[in-house]
Amino acid sequence: MSEQMNMILDSLDRLYVDLAAMDPQASESWQRVEDFGVCNLFLDESQSGMDASWVEGAAALRLLGLRSVALPVGETMIARHLLCAAGFEILQGPIAIAIGKGEWSEDDGFSGSVTLPSTFPSSMHVIAAIDKPGKGACLLLDSAGAGSPADGNHGYGEHYQSTLHFANGPAQLIPNLSPDRLIAFGAFLRTAQIAGALSAALDMTIEYAKIRSQFGRELLKFQAIQQQIAVLTEEVAAIASASASAALTMDKGSGQFAIACAKLRANQAAGAGALIAHQVHGAIGITAEYSLHRFTNALWQWRSDFGNDRYWAEQIGRRILVEGAGTPWAILTEESLA
């Protein structure tokens, strides 16, 4: 990591701390993001970007989870990169990455629904993966073209899901971007965010175990608590390694298989890690006044975003079963050394 990128990450960390304390729906929250220029992280300098590698970008995406930023900063970073690569002009404002269902054509536009997997301002663009048999595509949509406001806010805390419904809404086809590839980019984002959120949960758990006493002893001195924290530490280290490996492979090629492995491992770590954090904290961990829920709610949501355990396990299995594909380790090393 270059000295310049380390300085950028330090500044981003301070920005994210401020954003986490602000209302994500307030216009000034997103204006802070635009003023910093963070959403151009993956664009080259000719596009007013920072020309970051995926390894460098993964560190910035991890900070979003570490600081519990509910705004779609990471989604917009990746969306602008994909749109510029496809020849689109840089779009201002937040951009969602989502999965949708429905029908579309160049003449009639898009009719269907799109699920937004995060908290978004009321006005934004959406890159949606529409997986229609024989005609899968990625479309650029505008929320203003939705027939009704987002509904069905469901999920956990600030990190909820909502659905937009379109009826012949204007849609632009994004060339050379498949639904599978877009989902993979979303999975990479969530993997990095899970790594950050789980690390924050670990820090809170250790600190709580130090100050909380039971039967006249600090919780941290009980062997059972030490074992749980050790397991949580292992989960944090595992997902950090998986996220870094996926980013390194993306810098060398597509990284599709590495992303699949990383997201599956992240999903498993999110579930196990959140459970341990709440077990150590006890009842206080689920109270609104205590901030642990900001991270664990996100973990429970993100493990389902852009592919749950079954989805990515099937993707990995199909790749391995391809004749001559080799072992999982051979596939991973082949991608990373390409």
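Look through the range 224-243, keep the residues that are of a type in the set (S, T, N, Q) and within 15 Å of D203 (Cα to Cα), and return whichever of them is surrounded by the fewest Cβ atoms within 10 Å (Cβ to Cβ). So the residue we want is Q226. From the list S123, S68, the one residue that fits, being hydroxyl-bearing (S, T, Y), assigned to a loop (DSSP other than H, G, I, E, B) and open to solvent by less than 10 Å² (accessible area, probe 1.4 Å), is S68.
The one condition from (1) buried (at least 19 other Cβ atoms within 10 Å of the Cβ); (2) farther than 18 Å from R80 by Cβ that F188 does not meet is (2). The number of residues in the range 108-132 that are of a type in the set (D, E, K, R) and either at pLDDT 85 or above or in contact with a strand residue (DSSP E or B) (Cβ under 7 Å, 6 or more places away or on another chain) (or both) comes to 1. Residue check: A209 meets all listed conditions (1) over 30 Å from L321 (Cβ atoms); (2) free of Cβ contacts under 8 Å to residues at least 60 places away in the same chain; (3) buried (at least 17 other Cβ atoms within 10 Å of the Cβ) but one, namely (2).
Consider R265 carefully, then state whether it is open to solvent by 40 Å² or more (accessible area, probe 1.4 Å), in contact (Cβ under 8 Å) with a residue 24 or more places away in the chain and of a type in the set (K, R).
On the way: open to solvent by 40 Å² or more (accessible area, probe 1.4 Å): yes; in contact (Cβ under 8 Å) with a residue 24 or more places away in the chain: yes; of a type in the set (K, R): yes.
For R265, the condition - open to solvent by 40 Å² or more (accessible area, probe 1.4 Å), in contact (Cβ under 8 Å) with a residue 24 or more places away in the chain and of a type in the set (K, R) - is met.
Suppose we keep only residues that are charged (D, E, K, R) and touching a Leu at 6+ places or on another chain (Cβ under 7 Å) within the range 1-42. Which one would you say is surrounded by the most Cβ atoms within 10 Å (Cβ to Cβ)? Full working, then the answer.
Applying the first criterion (charged (D, E, K, R)) to the range 1-42 yields 3, 10, 13-14, 18, 23, 28, 32, 34-35.
Then drop every residue that is not touching a Leu at 6+ places or on another chain (Cβ under 7 Å), which leaves 13, 32.
Working: D13: 13, R32: 15.
Ranking the candidates gives R32 first.
For the range 298-316, the set of residues classified as open to solvent by less than 30 Å² (accessible area, probe 1.4 Å) and on the phi < 0 side of the Ramachandran plot consists of A298, L299, Q301, W302, D305, W312, I316, listed by residue number.
Could you go through the range 43-50 and let me know if any residue there is open to solvent by 40 Å² or more (accessible area, probe 1.4 Å) and over 28 Å from A258 (Cβ atoms). Break it down stepwise before answering.
Residues of the range 43-50 that are open to solvent by 40 Å² or more (accessible area, probe 1.4 Å), as a first pass: 44-48, 50.
Now drop any that are not over 28 Å from A258 (Cβ atoms), which leaves 46, 48.
Yes, there is a match, as at least one residue in the range 43-50 is open to solvent by 40 Å² or more (accessible area, probe 1.4 Å) and over 28 Å from A258 (Cβ atoms).
For the residues K101, K135, the requirement of being among the charged types (D, E, K, R), open to solvent by 20 Å² or more (accessible area, probe 1.4 Å) and at pLDDT below 90 singles out K135. Of the listed requirements (1) out of contact with any Lys or Arg (no Cβ under 7 Å at 6 or more places or on another chain); (2) in a loop (DSSP other than H, G, I, E, B), L43 misses just one: (1). Within the range 246-260, the presence of a residue that is in contact (Cβ under 8 Å) with a residue 60 or more places away in the chain, open to solvent by less than 60 Å² (accessible area, probe 1.4 Å) and basic (K, R) is excluded.
Set side by side, the residues I206, I174, I194 differ, and just one is modelled with pLDDT of 90 or more, in contact with a strand residue (DSSP E or B) (Cβ under 9 Å, 6 or more places away or on another chain) and of a type in the set (A, V, I, L, M, F, W, C), which is I174. Residues that are farther than 16 Å from S199 by Cβ and open to solvent by 60 Å² or more (accessible area, probe 1.4 Å) within the range 276-297 comprise Q279, A283, I284, I286, A288, E289, listed in sequence order.
Give me the helices (runs of 4 or more DSSP H) completely within the range 247-330, filtered to those with at least 2 residues that are closer than 30 Å to A209 by Cα, ordered by residue number.
Correct list: 256-281, 292-302.
If the condition is being in contact with a Leu (Cβ under 8 Å, 6 or more places away or on another chain) and of a type in the set (S, T, Y), then the range 216-254 contributes T233, S245, T249.
The values are calculated or read from the model by the stated rules, or taken from the named source; none is laboratory data. These numbers come from a predicted model, not from an experiment. Positions of Cβ are generated from backbone atoms using ideal geometry, with glycine treated the same way; all protein chains shown enter the neighbour counts. Calculation scope for accessible area: heavy atoms of the full protein, side chains included, ligands and nucleic acids excluded. Shrake-Rupley method; radii C 1.70, N 1.55, O 1.52, S 1.80 Å.
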